[in-house]
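Read-outs throughout are calculated quantities, based only on the coordinates presented, and are distinct from any laboratory measurement. Please read these numbers as outputs of a predicted model, since none were measured by experiment. Cβ atoms come from the backbone with ideal geometry, glycine included; neighbour counts cover every protein chain shown.
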Amino acid sequence: MNGYLEGLTGLTIHRHNELHVRSEVELKALFTKLAELGYTINDLRKDKHRLENRKWTPERMIELKISLWFAKLDVTRGKCGSCKNIIGFRAIQTHQHSCEICGEFTYIHVVDGGSIEFAFPRSATPIKLYTQRWDTDEGYLYLYPGFIDDHRGEMSQCFAENPTLWTEVTENGQKLIRVTKGYEWDASRDIHTYRTTGSIRNYTEVHFWRGVEYTTYGEPKLPVLQTINIHEDWHT
Ligand SMILES: [Zn+2]
């Protein structure tokens, strides 16, 4: 990081990403440099969480000697497993999300023959079944009948006690259990998912900065800090 801040004065880095600045002039120079490097800078004197939840006034923040600015680099991206292009990271790991360049899925959460452990709304009994598909448009999850593992008795009792929370359907001669699972989870209506197996991930997470790709683990890694807490050291 230091190399990228060359020419700036009055800075000391404490504990990895705590940057202390000695004067207002030096802070301005730092901000110009950080903006050039692609950082966005938030004024923590106006931070809602600090003001509303913690009830810290700007004066109190100074008294506490905590950071007053937060700089962040938006560099997390996906790399599509099919076309290998760098793509957006938002929602990349949601069921049937597709690559904006080649259109292939980046992630399939529920696969045919995978399994799911879940509970009905307002129930604590874990139920484990094999999955057939998740129709996110309709908001239904389709499962194969037949419980997996132990506690079959409890699981069938739970089905018997909640007849409105599932439906048996037959598709092409195959009996399936249909339960409610919306794309956006709604606690009052949807099953609560504990675990799924079989999910397919068709992307890797990377950092992409100034046209260069970096890994999020190992080498080559991003040569600058992704987040920086900035302190004003001239208040006494
Ligand atoms: Zn792609």
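One table, with the values for the structure above:
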| read-out | value |
| --- | --- |
| Coil-residue trypsin sites (Lys or Arg not before Pro) of the range 114-192, DSSP, other Cβ within 10 Å capped at 10 | R122 |
| Selection of trypsin sites (Lys or Arg not before Pro), the range 7-67, meeting DSSP coil and at most 15 other Cβ within 10 Å | R15, R22, R54, K55, K65 |
| Degrees between helix 24-37 axis and first principal axis of the chain (Cα, 0 to 90, nearest 10) | 50 |
| Computed E for L51/D186 - FRET, C-beta separation, R0 30 angstrom, nearest 0.05 | 0.45 |
| Chain lengthening between I200 and A91 when straightened (0.36 nm per residue, less Cα-Cα) | 37.8 nm |
| K28 versus S82: modelled label distance in nm, points set 7 Å from Cα along the beta carbon direction | 5.2 |
| Convex hull (Cα only) mean projected area of the chain, reported in nm² to one decimal | 18.3 |
| Rounded to whole Hz, the Karplus (6.51, -1.76, 1.60) HN-Hα couplings of the range 71-80, x for glycine and proline | 9, 9, 9, 8, 10, 6, 9, x, 10, 4 |
| At most 15 other Cβ within 10 Å, DSSP loop - chymotrypsin sites (Phe, Trp or Tyr not before Pro), the range 203-236 | Y217, W234 |
| Rh (Kirkwood; distinct C-alpha pairs) - the range 110-198, Å | 13.0 |
